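Read through the structure below, which is laid out as structure tokens, and then see the notes.
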């Protein structure tokens with residue numbers, strides 16, 4: 001696995017590509033762009049999630065976007081900008097709004113990683 005440090009962001013971490021990756025269009029276009037740029041992802045609902053598969057959660061706010069990644073054992077992690085990777089609870093992932101240094105208040109999009 002890649003070493004995650006200040007040159008990686010949440011999108012790089014979510015895709016497991018050790019780079020600073022950006023969404024090129026409007027953040028609200030993100031789900032469509034993400035499916036095009038990541039052909040091994042598919043949109044799913046929470047009820048469809050199972051252990052043994054990896055998932056990515058995506059949400060955006062007025063000024064930024066954010067990703068979280070769930071491993072096959074069911075543990076969620078995320079990376080805020082140049083900060084280190086941190087564990088995050090399932091309750092926080094599925095909260096109505098993500099509030100960190102910024103607010104991410106869009107619909108929660110879930111992707112299964114093939």
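Filter region 62-93 down to the residues that are under 18 Å from residue 106 (Cβ atoms) and in contact (Cβ under 8 Å) with a residue 60 or more places away in the chain, then identify the one that is surrounded by the most Cβ atoms within 10 Å (Cβ to Cβ).
Checking each candidate, the answer is 78.
Of the conditions (1) under 13 Å from the mean Cα position of the chain (by Cα); (2) surrounded by 14 or more Cβ atoms within 10 Å (Cβ to Cβ), residue 17 clears all except one; give me its number.
Failed condition: (2).
Taking region 30-49 as the region of interest, how many residues are in a loop (DSSP other than H, G, I, E, B) and in contact with a helix residue (DSSP H, G or I) (Cβ under 8 Å, 6 or more places away or on another chain)?
Matching residues across region 30-49 total 1.
Tally time: how many residues in region 36-49 are surrounded by 11 or more Cβ atoms within 10 Å (Cβ to Cβ) and without any contact (Cβ under 8 Å) to a residue 24 or more places away in the chain?
Of the residues in region 36-49, 1 are surrounded by 11 or more Cβ atoms within 10 Å (Cβ to Cβ) and without any contact (Cβ under 8 Å) to a residue 24 or more places away in the chain.
Read-outs: derived from the displayed coordinates by stated rules, not from any lab. In this text, all values refer to a predicted model and were calculated from it rather than measured experimentally. No Cβ is skipped: glycine too gets one built from the backbone with ideal geometry, and neighbour counts run over all protein chains shown.
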